[in-house]
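Working notes, beginning with the structure itself.
The values are calculated or read from the model by the stated rules, or taken from the named source; none is laboratory data. Please read all numbers here as calculations on a predicted model, not as lab measurements. Every residue, glycine as well, gets a Cβ built from its backbone with ideal geometry; the counts of neighbours run over all protein chains shown. We work out accessible area using only protein heavy atoms, side chains counted, and drop any ligands, DNA or RNA first. Shrake-Rupley method; radii C 1.70, N 1.55, O 1.52, S 1.80 Å.
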Amino acid sequence: MKTLKSTCVVGVQWGDEGKGKIVDILSHKADVVVRFQGGGNAGHTVVVDGEKFVLHLIPSGILHKSTCVVANGVVVDLIQMLDEMEELKRRGVKFGKNLLLSNRAHVVMPYHKFLDKYSEAGKGKIGTTQRGIGPCYADKAARKGIRVGDLYNEAFFRDRVLAFTEEKNKIIAALYGQPPLDAQRIVEEYRGYAEKLKPFVGDAVDYVNVSIDRGRRVLFEGAQGSLLDIDFGTYPFVTSSNSDACGISAGTGVPPKKIGAILGVAKAYCTRVGEGPFPTELKDGLGDKLREIGAEYGATTGRPRRCGWFDGVTSRHAVQINGIEQVAITKLDVLSGLEEIRFATAYRYNGTITERMPSETEVLARCEPVYRSFKGWKDDLSRIRKFDDLPREARIYLNFLERYLKVKVTMISVGKDREKTILRK
Ligand code: GDP
Ligand code: IMO
Ligand code: MG
């Protein structure tokens, strides 16, 4: 049988680009939707007929007929996953063969969440979502993690939880002066969660590979964004996984040669939550205006997002590391009514001009953007469904963005609802 290549959706910026909306639209034609990294730190919003769904662990394809896979690269908070399933069930989603949780995925344990919270209270905070993501990935790399499959091996699971909790309790007491966790209680509690999730646990590596081999359409859903990637982002102000296309193979067991088109998602401007450099950030009233019009508050933590202009330099970096050829631009409607729109084409640093994103966060923090200015437009874009019907100024802005990034803008989002989207051939 002919092998069809799969498609992958990744964030171009610092997350919250609108990946959930784009994945939901593409899921209409996908048989399988796979989350390959991250965890409950993600917050993907899908709006259908005015009804809002926020997904954290379950792929945004769940509102369609697609089979949703939470692959080995994801770190799973079992409590959060069960809560999310309950909430979706309450709203009409039925769970059965449409959900598969990898037996190789790592489990976010209670001590991961406490350690995330305690370490963020001290100096050098990252501004994490406090969902235990960093500590869980750290234990995975240290070979002190607990995988979903381990939950069903009673003695092995108990021994590991008892040993790891004892070790973490020492750290919790010595470094943070906080009370210990009750390991025995954790074992019992997690056995209950494991039983509830048992029908959904399986070998996701085989399932996704066989699906591709049989010509089923597979969509990979990235969480976070390329600039939050542990290797290629603004380290240390990043998340703890490879949140770009580089993470797909390791996060699923699908070999690189089976991964097809990469669709990058970017806002028509830029936002960031948490600490770290953001050269095009607008710290004035205009930033506040973008936040209010764009409703820029975190889908997971509710924190206000920092807002700024589109950054061509960091976006080119994202295009390069992902191999992006197609881009979906979201929230173009938010820019309506601005006199002027800016786009960073380079940085000024120590008297020199560079078009490359520096690898050192300290250097990036001192880069001053060089802007190209565009005339704004006043029209309401929310009813526009064809590129040619967009105001001339908006077309000029998007055409420049395409040329600058050497990509094709194939989707333009002009509102949160599913249908408020311009699809280009
Ligand atoms: P994700 O994490 O990349 O899935 O993005 P989030 O869901 O965290 O944040 C994107 C926010 O923008 C959500 O509240 C969406 O409902 C909203 N959104 C997505 N596309 C558009 C758009 O084109 N216009 C407007 N106004 N809002 C949008
Ligand atoms: P989605 O998938 C935006 C940010 C946090 C923090 C840093 C590290 O909705 O785009 P972590 O909890 O991962 O250790 O936090 O990464 N962050 C996100 N920012 N969108 C996200 O996900 C994010 N997930 C993590 O704010 O700066
Ligand atoms: Mg989000």
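For this structure, a couple of remarks:
- Per-selection metrics, the range 183-254 (Cα): Rg and Dmax in Å: 16.7, 46
- Stokes-Einstein translational diffusion, the chain - Kirkwood Rh over all Cα pairs, 1.002 mPa s, 20 °C, in µm²/s: 97
- Peptide ranges 310-317, 362-369 listed from the most packed, as the mean C-beta count within 10 angstrom indicates: 310-317, 362-369
- Applied to the range 382-397, the Karplus parametrisation 6.51 cos²θ - 1.76 cosθ + 1.60 on θ = phi - 60° returns per-residue 3J(HN,Hα) values of 4, 9, 7, 10, 10, 4, 5, 8, 5, x, 3, 4, 5, 5, 4, 4 Hz, with x for Gly and Pro.
- Distance violations [Cα-Cα > 21 Å] among Lys21/Lys283; Lys378/Lys406; Lys283/Lys408; Lys113/Lys144; Lys52/Lys94: Lys21/Lys283; Lys378/Lys406; Lys283/Lys408
- The separation of the range 206-239 from the range 39-86, counted between C-alpha centres, amounts to 15 Å.
- Listed by chain and number, the lysines placed with their C-alpha closer than 17 angstrom to that of Lys258 are Lys2, Lys5; residues fewer than eight positions away on the same chain are left out.
- When both the range 254-294 and the range 320-399 are represented by their alpha-carbon centers, they are found 11 Å apart.
- Cross-link reach list, aspartates and glutamates versus Lys198, counting only Cα pairs under 15 Å and skipping chain neighbours closer than eight places: Asp77, Asp150, Glu154, Glu189
- Cα gyration tensor category, rounded, prolate or oblate, for the range 123-252 with a/c compared to 1.5: oblate
- Mean separation of Cα contacts under 8 Å, 6 or more apart, over the residue count of the chain: relative contact order %: 20
- Accessible area expressed per residue, the range 106-196, with surrounding protein chains retained (probe 1.4 Å, Å²): 52
- With bins 5 Å wide beginning at 0, the percent of Cα pairs of the range 1-124 falling in each bin runs 2, 10, 19, 23, 20, 13, 7, 4, 2, 0, 0, 0.
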